[in-house]
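The next block holds one structure in the form of structure tokens; read it before the comments.
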Amino acid sequence: MKRIYLDHAATTPVHPDVISAMTAALSTQWGNPSSLHTEGRTARKAKEHARAQVAQLLQADLSNLYFTASGSEADQWAILGVDDLYSESKGRIITSTIEHSAVRNAAKRLANAGWDVQWLVPDRFGFYSADELQKLMNSETKLVSLMYCNNEIGSIQDISILSNVSHQHGALFHTDAVQALGKLDSPLSWDVDLVSVASHKINGPKGVGALWIRPGLEFPPWIAEASQERGKHAGTEGVPAIVGFGAACQLWFDNQQMYRHQLTLLNAKFMQVLKSSGCEFTLVSPSEKVNVSIVNIRFHRCEAEALLLGFDLAGVAASAGSACASGALKPSGVLLGIGYTEQEANECVRFSFGPSLTIDDVTEGAQRIASVVLKHQAINK
């Protein structure tokens, strides 16, 4: 039985072109990019080429793009960095109840360190209100951090309006764009200060991400005494992973419109098959202003954990909540954050698509999913 992978929001299969680029880097670009000799210069050239490829997809100034070990690390650097930036004048930080755990946990850490952390509550579909953000702003607000595209339900925020509210009060604006990279317009199309991205959501390797810092913003380094990454991030760079990130970004840049169109078709076919199957469900993801690569569904009278095991036995991979919460016997913080009860949240499953899937894949996947759901709903009727 063919496996059908519908969990691309958790991670994606590494593309063959990326594997080829990384294999070449492991073979011929293995030097320390900080070294002056030929091997070091070869590695440094490969690293800088990859930086240009990532910057191209992000539409960023490559000189202000810094590699990290992950998107989560980039998120934490953006949040915790303000503690060093404003070490003598702690103030207010605003984030939301449905951010990635890397952001939420960093904000809680700053709250314990004496910062005034305010939590913006979204509506039922995960959208932030500019008016509600305005109410939380004050003259002491130093940073607003709001995700561009939610990783569990796919809601897309109006970053231009939210960042404008922040800047009216002199606050920096950070956005986690990990799920948006390549799939949505660049957040740099608007006035933002800090942007986090990651490789493994776009068919690149795990273990590498990046933080973009607005030109002119003297943001503190992530690790003290840093000498690598132009003094911003200490540690010998993992050039093969960085090269893979660059290759993945080049792949998405070259095929961006085709990939976006494919994701739209996959989403539409998946929902069409489910709706015609007879199983009872409610769409959790918004019907508009949504990343079509993500669809979150509540299957009535079904526990998500039991469904996931059934799906897996049927050859389909999906998830409940974010991958970071896998194995935890507690409901998704995102779903609780948008007003679902624990029971409702425990009936929700996230499916997510990638351009390597075909219409036949999602058709077959949806049919297998419906079969499992119908059996559970018949039992629990």
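The values are calculated or read from the model by the stated rules, or taken from the named source; none is laboratory data. Quick caveat, the model's predicted, so the values are computed rather than measured. Counting neighbours? That spans all protein chains shown, and the Cβs are built from the backbone with ideal geometry, glycine included. Side chains included, ligands, DNA and RNA excluded: accessible areas come from the protein's heavy atoms. Shrake-Rupley method; radii C 1.70, N 1.55, O 1.52, S 1.80 Å.
THR68 is checked against (1) under 27 Å from SER189 (Cα atoms); (2) more than 23 Å from the chain's Cα centre (by Cα); (3) not basic (Lys, Arg) and fails just one. What number does that condition carry?
Here THR68 clears every test but (2).
Can you name the condition, by its number, that SER186 falls short on among (1) of a type in the set (Ser, Thr, Tyr); (2) more than 19 Å from the chain's Cα centre (by Cα); (3) at pLDDT below 95?
Failing condition for SER186: (2).
Specify the residue that is most open to solvent (accessible area, probe 1.4 Å); the eligible residues are those in region 175-204 that are of a type in the set (D, E, K, R) and in contact (Cβ under 8 Å) with a residue 12 or more places away in the chain.
This residue is ASP191.
Just checking, how many residues over region 92-113 are out of contact with any helix residue (DSSP H, G or I) (no Cβ under 9 Å at 6 or more places or on another chain) and either open to solvent by less than 60 Å² (accessible area, probe 1.4 Å) or touching a residue at least 24 places away in the same chain (Cβ under 8 Å) (or both)?
1
In region 193-204, how many residues are part of a strand (DSSP E or B) and in contact with a His (Cβ under 8 Å, 6 or more places away or on another chain)?
3
Return the total of residues in region 330-371 being open to solvent by less than 20 Å² (accessible area, probe 1.4 Å), in a helix (DSSP H, G or I) and touching a residue at least 60 places away in the same chain (Cβ under 8 Å).
Selection size over region 330-371: 9.
Cβ-Cβ below 8 Å, separation at least six or inter-chain, first residue in region 251-277 and under 30 Å from GLN56 (Cβ atoms), second open to solvent by less than 90 Å² (accessible area, probe 1.4 Å) and of a type in the set (Lys, Arg): which pairs?
Qualifying pairs under 8 Å: TYR259/LYS183; ARG260/LYS183; LEU263/LYS183.
Evaluate the following for THR97: is it at pLDDT below 95, touching a strand residue (DSSP E or B) at 6+ places or on another chain (Cβ under 8 Å) and under 20 Å from MET147 (Cβ atoms)?
Yes.
Looking at region 205-263, which of its residues are surrounded by 14 or more Cβ atoms within 10 Å (Cβ to Cβ), among the charged types (D, E, K, R) and part of a loop (DSSP other than H, G, I, E, B)?
LYS206, ARG214, LYS232, GLU237
State all residues of region 119-140 that are in contact with a Leu (Cβ under 9 Å, 6 or more places away or on another chain) and either open to solvent by less than 50 Å² (accessible area, probe 1.4 Å) or touching a residue at least 40 places away in the same chain (Cβ under 8 Å) (or both); if no residue qualifies, say none.
Across region 119-140, the qualifying residues are LEU120, TYR128, SER129, ALA130, LEU133, LEU136.
Under the condition of being open to solvent by less than 30 Å² (accessible area, probe 1.4 Å) and at pLDDT 95 or above, which residue from region 12-39 is nearest to the chain's Cα centre (by Cα)?
THR12
Checking ARG41 against (1) in contact with a helix residue (DSSP H, G or I) (Cβ under 8 Å, 6 or more places away or on another chain); (2) part of a helix (DSSP H, G or I); (3) among the basic types (Lys, Arg): exactly one of these is not met. Which one?
Of the numbered conditions (1) in contact with a helix residue (DSSP H, G or I) (Cβ under 8 Å, 6 or more places away or on another chain); (2) part of a helix (DSSP H, G or I); (3) among the basic types (Lys, Arg), the odd one out for ARG41 is (1).
In region 58-73, how many are hydrophobic (A, V, I, L, M, F, W, C), open to solvent by 10 Å² or more (accessible area, probe 1.4 Å) and either without any contact (Cβ under 8 Å) to a residue 60 or more places away in the chain or in a helix (DSSP H, G or I) (or both)?
Number satisfying all stated conditions: 1.
Quick one: is ALA50 more than 12 Å from PRO240 (Cβ to Cβ), surrounded by 20 or more Cβ atoms within 10 Å (Cβ to Cβ), of a type in the set (Gly, Ala, Ser) and at pLDDT 95 or above?
Criteria not met by ALA50.
Search region 131-161 for residues being of a type in the set (Val, Ile, Thr) and out of contact with any helix residue (DSSP H, G or I) (no Cβ under 7 Å at 6 or more places or on another chain), and hand back the single one that is farthest from GLU347 (Cα to Cα).
THR141
Residue check: is LYS45 more than 27 Å from the chain's Cα centre (by Cα), within 20 Å of VAL208 (Cα to Cα) and modelled with pLDDT of 95 or more?
Yes, satisfied.
Could you grab me the full set of residues in region 284-302 that are under 19 Å from VAL362 (Cβ atoms) and outside any loop (DSSP other than H, G, I, E, B)?
VAL290, ILE294, VAL295, ASN296, ILE297, PHE299
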